[in-house]
Amino acid sequence: MNRDFSQGSIPRSILRMALPMTAAQLINILYNIVDRMYLGRLPGHLALTGLGLCLPVISILMGFTNLCSVGGASLCSIHRGRGETEEAERIMGNSFALLLLFGAGLSLLCLLFRRPILYLFGASDQTYPFARDYLTIYLLGTLFVMIGLGMNPFINAQGFSGMGMLTVALGAVVNILLDPVFIFVLGLGVKGAALATILSQACSAVWVLRFLTGRRALLRLRLGTMRLQGGRVRHILSLGLSGFCMALTNSLVQILCNASLQHYGGDLYVGVMTVVNSIREVISMPVSGITQGCQPVLGYNYGAQAYGRVRQGIRFTAAVTVGYSLAAWALVMLAPEALIRMFNDEPELIAEGVRAFRLYYAAFFCMSFQFIGQSTFVGLGKSKQAVFFSLLRKAFIVAPLTLLLPVLGFGVDGVYLAEPVSNVVGGLACLLTMYVTVYRPLGALEQKCGMEQRRT
């Protein structure tokens, strides 16, 4: 594969990056989705609900992973486009050191305060033991999770998207094989699901480190590049703040949803939201994979001042993501019961779940607008815009509506309705801002560069 993204077809370059990354994203979802599918087959829904209560904590951990990796990988692409290989390696080394520091600190903090955290996030006396057992084991393997997921973008940033996909596939296969053995054969239940997850992530972490320290890597992870430098760290974190805010606000919304549903409905409705979130993760991953796949291509060409190719990449990404989102939206609206049965067969949960799906996913296709604008801002290193729109949809729209609509008489339906409102308002705001502040100015720069080339 050609690692120089300034040459050849832009759509082909994006697809060569995006397809393996999309497959990797989907495979990565299997870590938690498979856990939920197996736990949903245990008697009742308390084990599934208990795992769902851990998702906000996992989202927070993923937020810190994004904080160190998303910005670092985008910066690597930009500096690689400029031919600044040494600086790209130092950025990767600093990102790795930050992952280690955050991973160790967060594991200890969450272990010390896991009981109040889980009750704050909507646990009851019935669901707390399941949530505690899963979270305790998961936290012991946090470093594996953060290294595997956090350093994989640096493989993709170098153009080795196929290798990045294999990284995730390795862990997913191990997880799928270990889950039924630990959960059912050994009778470990939620403990078995958590143990299978961290062991599989350990395999991915080892794979990533072996590649990044090996001869095939264009940018190598070296001990000398891990010494933290203030300016470089600020640049990594400022650009990674977008992904961090998205994960953190997702966690905030999950907490508010679980707490509101527990108050207005009970454990059953928290279980329904666990299924809703599980399906959302699966169907949104292709969009995420495509938009993340375009970032190295956009960043490289932006660094190389190939502005016309950047605009072409934005157009192609927009067309693909909107088309997919419409197809996924139609599937969810037409066949919600079949999707729910993948996780649980209880008639009561299915009946409430179908109604929840129709409300929650009413405007799912508009979420693609947010992904398009967000990925463009991140890919081109525009951290302020990326952070603002990360906060807008979830923190400023979904979170207040999740609290307000149930009080206004909508009850549990108000929790579900907050999502489609945010998809429309937040998605359109992000896309239109990207068009006005990035896409159109790039056209002017393209014309200016063309004129200068003709003069010379």
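The values are calculated or read from the model by the stated rules, or taken from the named source; none is laboratory data. Keep in mind that what you see is a predicted model, and the values were worked out from it rather than measured. Don't worry about glycine lacking a Cβ; one is built from the backbone with ideal geometry, like all the others, and counts go over all protein chains shown. Heavy atoms of the whole protein, side chains included, go into the accessibility calculation; ligands, DNA and RNA do not. Shrake-Rupley method; radii C 1.70, N 1.55, O 1.52, S 1.80 Å.
Mean separation of Cα pairs under 8 Å and 6+ residues apart, divided by the residue count of the chain: what relative contact order is that in percent?
It comes to 24 percent, rounded to a whole number.
Given axes a ≥ b ≥ c from the Cα gyration tensor, I'd like to know whether segment 1-153 is rounded (a/c under 1.5), prolate (a/b larger than b/c) or oblate.
Cα axes put segment 1-153 in the oblate bin.
Counting every Cα pair in the chain, what percent are over 35 Å apart?
When all Cα pairs of the chain are counted, 28 percent exceed 35 Å.
Please compute the net charge surrounding Y435, taking Lys and Arg as +1 and Asp and Glu as -1 over other residues with Cβ under 14 Å from its Cβ.
+4
How many angstrom separate the Cα center of segment 401-416 from the Cα center of segment 288-357?
So the separation of the two Cα centres works out to 26 Å.
Would you please classify the overall shape of segment 153-297 from the alpha carbon gyration tensor, given that a ≥ b ≥ c denote the square roots of the eigenvalues, rounded means a/c under 1.5, and beyond that prolate means a/b larger than b/c while oblate covers the rest?
It is oblate, given that a/c is not under 1.5 and a/b is not larger than b/c.
Just to verify a number: what accessible area does H79 come out at with the full protein assembly present, 1.4 Å probe, Å² rounded to tens?
30
Which peptide among 336-349, 285-298 comes first, and what is the full order, when sorted by highest mean count of other Cβ atoms within 10 Å?
285-298, 336-349
Under the classification rounded if a/c is under 1.5, otherwise prolate if a/b is larger than b/c and oblate if not, where does segment 329-456 fall, given a ≥ b ≥ c as square roots of the Cα gyration tensor eigenvalues?
prolate
Taking all pairs of different Cα atoms in segment 84-140, averaging 1/r and flipping that mean, what Kirkwood radius in angstroms comes out?
Over segment 84-140, the inverse of the mean reciprocal pair distance is 13.4 Å.
Please report the projected area of segment 76-219's Cα convex hull averaged over all directions, in nm².
9.8
Suppose every K and R has +1 on its Cβ and every D and E has -1 on its Cβ; what is the size of the dipole of the chain about the Cα centre, in Debye to the nearest 20?
1820
Taking the Cβ of Q374 as the centre, find all other residues whose Cβ is under 15 Å away and add up their charges (Lys, Arg: +1; Asp, Glu: -1).
Once positives and negatives cancel, what remains is +4.
Tally Lys and Arg at +1 and Asp and Glu at -1 over the other residues with C-beta under 11 Å from the C-beta of G271: what net charge comes out?
-3
Please report, as a whole percent, how much of the solvent-accessible surface of the chain comes from carbon and sulfur atoms (probe radius 1.4 Å).
Heavy-atom surface of the chain belonging to carbon and sulfur, 1.4 Å probe: 65 percent.
How would you rank 370-379, 220-229, highest first, on the average number of other Cβ atoms within 10 Å across their residues?
Taking the mean over residues of other Cβ atoms within 10 Å, the ranking is 370-379, 220-229.
Using 0.36 nm per residue of separation minus the Cα-Cα distance, give me the extension gain between R216 and Q126 in nm, one decimal.
27.3 nm
Taking only Cα atoms, what is the 0 to 90° angle, nearest 10, from helix 267-303's long axis to the longest principal axis of the chain?
10
Between T376, N156, G83, whose Cα lies farthest towards the positive end of the dipole of the chain when Lys and Arg beta carbons carry +1 and Asp and Glu beta carbons carry -1, centred on the Cα centre?
G83
So what is the relative contact order of segment 346-456, in percent, for Cα pairs below 8 Å that sit 6 or more residues apart?
This gives 35 percent for segment 346-456.
Grab every C-alpha pair in segment 163-219, bin the distances at 10 angstrom width from 0 up to the longest one, and report whole percents.
26, 40, 22, 10, 2
Can you give the FRET efficiency for M451 and Q7, using 1/(1 + (r/R0)^6), R0 = 25 Å, r = Cβ-Cβ distance, to the nearest 0.05?
So the FRET efficiency works out to roughly 0.65.
Have a look at A429, V145, N94 and report the one farthest towards the positive end of the charge dipole of the chain, computed about the Cα centre with Cβ charges (Lys/Arg +1, Asp/Glu -1).
It is N94.
Given a 1.4 angstrom probe, what's the average accessible area per residue across the chain, in square angstrom?
Roughly 39 Å² per residue, with all protein chains present.
Taking only DSSP H segments of four or more residues, each worth -39500 (n - 2.57), what value at 222 nm results for the chain once the sum is divided by all its residues, to the nearest 500 deg cm²/dmol?
For the chain, the value works out to -27500 deg cm²/dmol.
Defining a contact as two alpha carbons under 8 Å apart and six or more residues distant in sequence, what relative contact order in percent does segment 78-173 show?
With pairs under 8 Å counted, the relative contact order is 28 percent.
For helix 367-379, what angle does its Cα long axis make with the longest principal axis of the chain, in degrees from 0 to 90 and rounded to 10?
That works out to roughly 40 degrees.
Can you bin every Cα-Cα distance in segment 390-456 into 10 Å intervals starting at zero and give me the percent of pairs per bin, rounded to whole numbers?
Pairs per bin, as whole percents: 20, 29, 18, 14, 11, 6, 2.
Of F410, F121, which has the most accessible area with a 1.4 Å probe, and how do the rest follow in descending order?
F410, F121
Nearest 20 debye, what's the magnitude of the dipole of segment 336-442 about its Cα centre given +1 on Lys and Arg Cβ and -1 on Asp and Glu Cβ?
Here segment 336-442 has a charge dipole of around 760 debye.
Please determine, in degrees from 0 to 90 and to the nearest 10, the orientation of helix 46-81 with respect to the longest principal axis defined by the Cα atoms of the chain, where the helix direction is its Cα long axis.
0
Given 20 °C and 1.002 mPa s, how large is the Stokes-Einstein diffusion coefficient of segment 231-324 in µm²/s, with Rh as the Kirkwood radius over Cα pairs?
Estimated diffusion coefficient is 132 µm²/s.
Answer with one residue from Y361, L401, L239: the one whose Cα lies farthest towards the positive end of the charge dipole of the chain, charges on Cβ with Lys, Arg +1 and Asp, Glu -1.
Among Y361, L401, L239, the one farthest towards the positive end of the dipole of the chain is L239.
Direction-averaged shadow area of the convex hull around the Cα atoms of segment 27-110, nm²?
Average of the hull's projected areas for segment 27-110 equals 6.8 nm².
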